[in-house]
Amino acid sequence: MSGFAALYDTFYNCFIQGDRFKLFMLSGLKVTIQVTLCAAIIGICLGALMALVRVTHDKTISIMRPGFASVILKAFNWFAKMCITVIRGIPVVVQLMIWFFVIFPFSRNGIAVSVLAFGINSAAYVAEIVRAGIMSVDSGQMEAGRSLGLNYIQTMAYIILPQAFKNVLPTICNEFIVLLKETAVVGYIAVSDLTKGAYIIVGRTFEAFMPLIAAALIYLLLVMILSWLFGKLERRLRASDTR
Amino acid sequence: MKKLVNILLICLSIITFSSCSGAKNDNKLIMATNAAFPPYEFYEGEEGVGKIVGIDAEIAALIAQKLGLTLEIMDIEFDSIIAAVQTGKADMGMAGMTVTEERLNSVSFSTSYATGVQVVIVQENGPIQSLDDLFDKGGFSIGVQTSTTGDLYSTWDLEDEGLAKIERYNKGADAVLALTTGKVDCVVIDNEPAKSFVAVNTGLKILDTEYVVENYAICIAKNNNALLQKVDKALNELIADGSVQKIIDKYIPAQ
C-alpha cells in the first residue's frame with residue numbers, strides 16, 4: 001500500500017501541486033500543436049510551389065524556346081534547388097537559433113519565429129516529396145492531357161496533381177509526424193512547448209519519471225491521431241481505385 | 001530446481017544489499033556535486049579528467065578530515081544530486097545548493113556555509129532602473145536559465161502574480177544575449193556569472209539592490225541524522241575558526 005501512496009505522492013507533486021500540469025504541460029501542448037499546424041501549412045504551400053518549379057523546369061526546359069520565360073524559370077529553379085540544399089544541410093536546431101538570434105534578433109515573439117523556421121524547414125522536405133510524387137505519375141498522362149487540348153497548367157491541376165497527391169500521402173504523413181516531434185527543440189529559444197513544460201517540472205520537483213513519461217504519452221497520442229486521420233483520408237481517396 | 005532458484009535469490013539479495021550499503025562504506029565520505037559551477041566546484045585542468053576543486057570541494061575536504069574520513073567526489077548532473085543522496089549512492093550533496101521548501105521535502109540541509117546572491121541585469125538606459133520599477137510598473141519580460149533559483153524566485157514573485165512574463169532559456173548566456181538585443185527587459189541570475197556577463201557586454205549593468213540573497217548548504221538524506229549532526233558540528237567549527245571564510249576569499253577575491 002505504501003508503494004501506491006508514494007506513487008500517488010510523486011504524481012501529486014509533479015502534476016497537481018501548484019497546477020503544474022495545467023501551467024506547464026497543457027499550455028505547452030497548445031504551443032506544440034500551434035507551431036506544428038502553422039508550420040505544416042507553410043510547409044505544404046511553399047513546398048508544393050518549389051516542387052512545381054522544379055518539375056516544370058526538369059520536364060520542359062529542353063523543349064522551351066529561349067527567351068524571358070525560360071530565364072525566369074531557370075532562375076526560380078536554381079533558387080529552389082539552393083534553398084533545398086541549404087535547409088536540408090543544416091540541423092533544425094541550428095536553423096531555429098539562427099532565425100531567432102541572427103535573422104530576427106529584435107523579435108520578442110518566439111512562437112512566430114519557430115513557426116517560420118519549422119515551416120521553411122518542412123517546405124524543403126515537402127518539396128522533394130511532392131516532386132517525387134509528380135515524377136511517379138506516368139508521363140503518358142501528361143501527353144494524353146495535352147493531346148486532348150488541355151494546356152500545361154490544366155493538365156497539371158486536373159490530371160497529374162490529383163494522382164500525385166494520392167501517391168505522396170503516406171510520405172507527407174510521415175513528414176508531419178517528424179515535424180511534430182522536431183518541434184520539441186523550440187525550448188532552445190525559450191518557447192515553452194510540451195517538452196520544455198515537462199523539463200520545467202523535472203527541474204522543479206527533481207522527479208524525472210512522471211513528467212517525461214507523461215510528455216512521451218501525449219506525443220504518442222498526437223502521432224496516433226495524426227496517422228489515423230491520414231489513414232482515413234487515404235482510404236477515402238482510394239475508394240475510386242477498384243470498380 | 002527450487003534449490004537453484006533459492007540460491008540465485010540469495011545471491012541477488014546479497015548483491016543488492018551490499019550495493020545499498022556501499023555508500024555507508026567504512027571510512028569514505030562520498031560527496032555528490034556537479035562540477036560545472038565555478039567558483040564553487042569545477043575541474044582544474046581538463047574537463048572530466050582533472051581534479052575537482054573549488055569552494056565546496058575544499059570545505060568538504062576539511063569536514064571529511066574532521067570526521068576522520070576520506071573524501072570521494074562524485075560528479076553527476078545537478079538535477080540528480082538529491083536523488084543520489086536519497087538513495088544512498090552519496091552521503092551528502094554539496095553543489096552551491098540553495099535551501100528551498102521543495103528541496104526540504106526530499107532531504108535535510110546542514111547549516112549554511114555561504115551565501116549566493118541573485119541579481120538583476122538590465123540595459124544601461126533601459127526601462128528598468130531599480131527593483132521597484134520591475135515590481136511596480138509590471139508587464140516586463142524576464143530572461144532566466146531554466147530551473148535555476150533565479151527562475152524559481154521570479155516565477156513565484158512576478159509571473160504567478162501576473163506582473164511579468166518569464167522567458168526560460170537553456171543557458172544563462174542565451175538569456176543575456178536576448179537582453180542585449182532587447183528580446184527581454186532584464187535577466188535574473190547568480191551574482192558571479194552576472195559580473196562576467198556584464199564585463200564582456202557593453203551597455204549592460206547590474207542593479208544595485210540584490211534580487212534575493214540565498215543560503216548555500218549541504219544536503220544529507222533525511223534518515224541519516226547521525227551524519228547530519230556530525231557534519232553540522234564540523235561545519236560550525238570550521239565557520240567559527242574562519243577556515244570557511246578563508247576558502248571563500250581565496251576563490252572570490254573581495255572587491
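Each value in this text was obtained by applying a stated rule to the coordinates, not by laboratory testing. Keep in mind it's a predicted model, so treat the numbers as computed, not measured. Cβ atoms come from the backbone with ideal geometry, glycine included; neighbour counts cover every protein chain shown.
For B:D136, A:D58, B:D79, what's the fewest-to-most ordering of other Cβ within 10 Å of each Cβ?
Placing the least packed residue first, the sequence is B:D136, A:D58, B:D79.
Can you list the lysines whose alpha carbon sits under 28 Å from that of A:K232, skipping same-chain ones fewer than 8 residues off?
A:K30, A:K166, A:K181
Considering the dipole of the protein assembly as shown built from charges on the beta carbon (Lys and Arg +1, Asp and Glu -1) around the Cα centre, which of B:A57, B:L227, A:M25 is farthest to its positive end?
Going by the Cα projections, it comes out as A:M25.
What does the charge count around A:K30 come to, taking other residues whose C-beta lies under 14 Å from its C-beta (Lys +1, Arg +1, Asp -1, Glu -1)?
+1
How do B:V119, A:V94 rank when sorted from fewest to most other Cβ atoms within 10 Å of their own Cβ?
A:V94, B:V119
For helix B:2-20, report the angle its Cα long axis makes with the longest principal axis of the Cα atoms of chain B; keep it between 0 and 90° and round to the nearest 10°.
Approximately 50 degrees, to the nearest ten.
Compare the Cα positions of B:F140, B:S154, B:M74 along the charge dipole of chain B (+1 at Cβ of Lys, Arg; -1 at Cβ of Asp, Glu; about the Cα centre) and return the one farthest towards the positive end.
It is B:M74.
Hey, got the average number of other protein chain Cβ atoms within 10 angstrom for residues in A:100-106?
3
Mind jotting down a quarter of the surface of the convex hull over the alpha carbons of region B:117-213, in square nanometres, one decimal?
It is 5.1 nm².
Please work out how much length the chain gains when fully extended from B:V200 to B:L67, using 0.36 nm per residue of separation minus the C-alpha to C-alpha distance, in nm with one decimal.
Roughly 43.6 nm would be gained on extension.
Subtract the Cα-Cα distance of A:M82 and A:M224 from 0.36 nm times their separation in residues, and report this length gain in nm to one decimal.
Value of the extension gain: 47.7 nm.
Taking just the alpha-carbon atoms of the protein assembly as shown, what radius of gyration and Dmax come out, in angstrom?
Taking only Cα atoms of the protein assembly as shown, I get Rg and Dmax of 29.8, 100 Å.
In debye, nearest 20: dipole of chain B around its Cα centre with unit charges on the Cβ of K, R (+) and D, E (-)?
So the magnitude is around 1280 debye.
Cross-link candidates for B:K51: which lysines have Cα within less than 21 Å, leaving aside residues fewer than 8 places away along the same chain?
Qualifying lysines at Cα under 21 Å: B:K28, B:K89, B:K246, B:K250.
Modelling each spin label as a point 7 Å along the Cα-to-Cβ direction, I'd like the A:N151/B:E101 distance in nm, to one decimal.
Result: 7.2 nm between the two label points.
Please average, across the residues of B:164-170, the number of beta carbons from any other chain that are within 10 Å of each residue's own beta carbon, and give a whole number.
4
With label points built 7 Å along Cα→Cβ from the Cα atoms of A:S139 and B:Q229, find their separation and express it in nm.
Modelled inter-label distance: 9.1 nm.
As an exercise, use a Förster radius of 30 Å and the Cβ-Cβ distance of A:I103 and A:S27 to find the FRET efficiency, rounded to the nearest 0.05.
The formula returns an efficiency of 0.70 here.
Kirkwood Rh and Cα-based Rg: tell me the resulting Rg over Rh for chain B, rounded to two decimals.
My calculation puts Rg/Rh at 1.07.
How do B:T87, A:T183 line up, fewest other C-beta atoms within 10 Å first?
B:T87, A:T183
Of A:V71, A:A214, A:G43, whose Cα points farthest to the positive end of the dipole of region A:21-237 (charges on the beta-carbon: +1 Lys, Arg; -1 Asp, Glu; origin at the Cα centre)?
Result: A:V71.
Which of the aspartates and glutamates could be linked to A:K81 by a straight reach, that is with a Cα gap under 20 Å, when you skip same-chain ones fewer than 8 residues away?
Here the aspartates and glutamates satisfying the reach criterion relative to A:K81 are A:D58, A:E128, A:E175.
Return the distance in nm (one decimal) between the two label points of a simple spin-label model at A:Y158 and B:A36, each offset 7 Å from Cα along Cα→Cβ.
Those two pseudo-labels are separated by 6.2 nm.
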